[in-house]
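Q: If you scroll down you'll find the structure; I have some questions about it.
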Amino acid sequence: MGDLDCEPFQTACKRKYPTDEPADDQAAMLSSLWEEYLADSSWYPFKMSMDPSGVAKASILTCKALSSIHRIQLIVAPVTPACTSHECMCTSHFSCPCNWIMFVLTIQQTIDEKDDKLKNLKDEYGVHVYNAMTTALLELNEYNPSGRYAILELWNFEQSRRASLKEGISALLKQFELQKRKRS
């Protein structure tokens, strides 16, 4: 996961450079350059935004439940104004009429379309190269955000998804059987 697909680079370079030899060389150099950009942890072409649905989860908690939660992202005041002091959370858990609302916000990371490098890539080489690059970036960010290097993943190419271990083993057994028949 996170490996850069070189085929769109070759197609774009063949379109841009009419003869075969320079196009292949240019595609190799271009894909190598963008692989270096992928590995560069100082380049961060992502933007943070709130999930389009807004608030992902809202729950009403009593003071007792609230006192047992250690990490709350955002709490908005009591629902019932009967209790106005914060002390009630510590002293009268069982008799407090106060309820609190807890909101958990979902933050989403998306590709920043305003990133200069990506904009130049899209303008100069086209949408397919841009899509290959953004796909690799999103995969790297999802599977290995701290290391920024590709990770091996068992993949089902026919259905364009992760393969289960069972699918991988059955594919290996089929290949083994084919090799066994060829030797016989």
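The values are calculated or read from the model by the stated rules, or taken from the named source; none is laboratory data. Keep in mind that what you see is a predicted model, and the values were worked out from it rather than measured. Positions of Cβ are generated from backbone atoms using ideal geometry, with glycine treated the same way; all protein chains shown enter the neighbour counts.
Q: Mind checking which helices (runs of 4 or more DSSP H) fall wholly inside segment 100-184 and carry at least 3 residues that are modelled with pLDDT of 90 or more and within 22 Å of Gln10 (Cβ to Cβ)? Show your work before the answer.
A: Working: elements: 116-125, 127-143, 165-183.
Counting at least 3 such residues, we get 116-125, 127-143.
Q: Any residue in segment 31-45 that is closer than 19 Å to Lys14 by Cβ sitting within a Cβ distance under 6 Å of a residue that is of a type outside the set (A, V, I, L, M)? List the pairs, counting only those 6 or more apart or interchain.
A: Between residues of segment 31-45 that are closer than 19 Å to Lys14 by Cβ and residues that are of a type outside the set (A, V, I, L, M), the close pairs are Ser31/Cys6; Ser31/Phe9.
Q: Could we say that Asp20 is over 29 Å from Gln108 (Cβ atoms), surrounded by fewer than 12 Cβ atoms within 10 Å (Cβ to Cβ) and at pLDDT 50 or above here? Walk me through it before giving the result.
A: Details: over 29 Å from Gln108 (Cβ atoms): yes; surrounded by fewer than 12 Cβ atoms within 10 Å (Cβ to Cβ): yes; at pLDDT 50 or above: yes.
Here the answer is yes, as Asp20 does meet what is asked.
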